[in-house]
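Quick notes on the structure that follows.
The values are calculated or read from the model by the stated rules, or taken from the named source; none is laboratory data. In this text the structure is predicted, and so the values were computed from the model without any measurement. Methodologically, a virtual Cβ is constructed for each residue, glycine included, from the backbone with ideal geometry; neighbour enumeration extends over all protein chains shown. The protein model used for the area step is the full one, side chains on, heavy atoms only, and it has no ligands, DNA or RNA in it. Shrake-Rupley method; radii C 1.70, N 1.55, O 1.52, S 1.80 Å.
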Amino acid sequence: MTTTTTTTRTNDTRVPGWFDVCKCNIPCPCEFAQAPTFEDCDDILVWHIKKGNYGDISLDGLNVLGLGSFKGNIWAGDGLTKATVALFFDEMANEQQGTALNMIFSGKAGGFMGEFAKLIGEVRGIEYAPIKFEVADDLAYWSAEIPGKIVAKAEALTGPMTPPGKRVQTINPPGSEVGPGGIAIWGKSLTDEADAMGFKWKRKGKSSKHIRFEWNGP
């Protein structure tokens, strides 16, 4: 069976995808498969499925939000560094869609998430929640929120040598959280707050990135 959770086509610059805000300084070393800035990291990760399906179950428009924490280089490949995570599935998902999201994000459906799930040591829990998601068509900003629990907001990184309307990019980042062949758009967090499932922090001004992606299962 082929399972597909597609959020973008690589030539569509208006389609949302995945983003995070994290503890690291800009740019987050983890995206380059290096140890995090402070040797440990915690982050908010958000996936928006623009268009996708699991078998014949449509997943169009659904959101998933994760909280994560780890110490060391998550990409070292030595099996020693494992992330502790919590997942929130969109409350708009029906029972079939919820089951499909669980299969995909647990790694049981295979594909990229089947490999990514090997980096997870503990799952503190899975909840259904209202997830507010927004991204600018020109990727000038992105945000997500679970009211009363989690807020993640960021703006695209810019500076005196960045042409107006252009984005700071890394092509083929070696530590991409959504698989190979992506383009990371760098940003700076405006709000990075979490208080849920034992995760708690509040900060701003740290690293953020947005990556469009396309997944296909086995």
| said: So if a site counts as exposed when it's one of the GluC sites (Glu not before Pro), its DSSP state isn't H, G, I, E or B, and it has at most 14 other Cβ atoms within 10 Å, what's the longest stretch of the chain without one? | reply: 92-218
| message | Given a 1.4 Å probe and heavy atoms of the protein chains only, how would you sort 149, 51, largest accessible area at the top? | response | 51, 149
| message | Run the helix sum for the chain: -39,500 (n - 2.57) per DSSP H stretch of 4+ residues, divided by residue count, reported at 222 nm to the nearest 500 deg cm²/dmol. | response | -2000 deg cm²/dmol
| said: For segment 90-164, take N as its residue count and report Rg(C-alpha) divided by 2.2 N^0.38 Å. | reply: 1.46
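Quick one: of 23/108; 23/200; 50/188; 149/200; 51/153; 71/153, which pairs are farther than 21 Å apart, Cα to Cα?
Numbers: 23/108 29 Å; 23/200 12 Å; 50/188 24 Å; 149/200 9 Å; 51/153 23 Å; 71/153 24 Å.
23/108; 50/188; 51/153; 71/153, as the Cα separations exceed 21 Å there.
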| All-pairs alpha carbon distance profile, segment 91-218, 10 Å steps from 0, percent | 11, 31, 42, 15, 2
| task | Give the Kirkwood hydrodynamic radius (Å, one decimal) of the chain, defined as one over the mean of 1/r across all pairs of different Cα atoms. | result | 17.3 Å
| What relative contact order, as a whole-number percentage, does the chain give when Cα pairs under 8 Å and 6 or more residues apart are counted? | 26 percent
| Which of 105, 160, 196 sits closest to the plus end of the dipole of the chain, meaning its Cα is farthest towards the positive end, when Lys and Arg get +1 and Asp and Glu get -1 on the C-beta? | 160
| message | No partner Cβ under 4.7 angstrom, meaning no disulfide-compatible partner by this rule: which Cys of the chain qualify? | response | 22, 30, 41
| said: Suppose each label sits 7 Å from its Cα in the direction of the beta carbon; what would the residue 76-residue 195 distance come out to in nanometres? | reply: 3.4 nm
| task | Quick one: pull the percentage of alpha-carbon pairs in segment 46-115 with a separation above 18 Å. | result | 44 percent
| task | Would you please state the base-10 log of I(q)/I(0) at q = 0.31 1/Å for segment 81-129, with intensities from the Debye formula using one equal scatterer on every alpha carbon? | result | -1.16
| note | Of all DSSP beta bridges having both residues in segment 24-161, the percent classed as antiparallel (nearest 5) is 80 percent
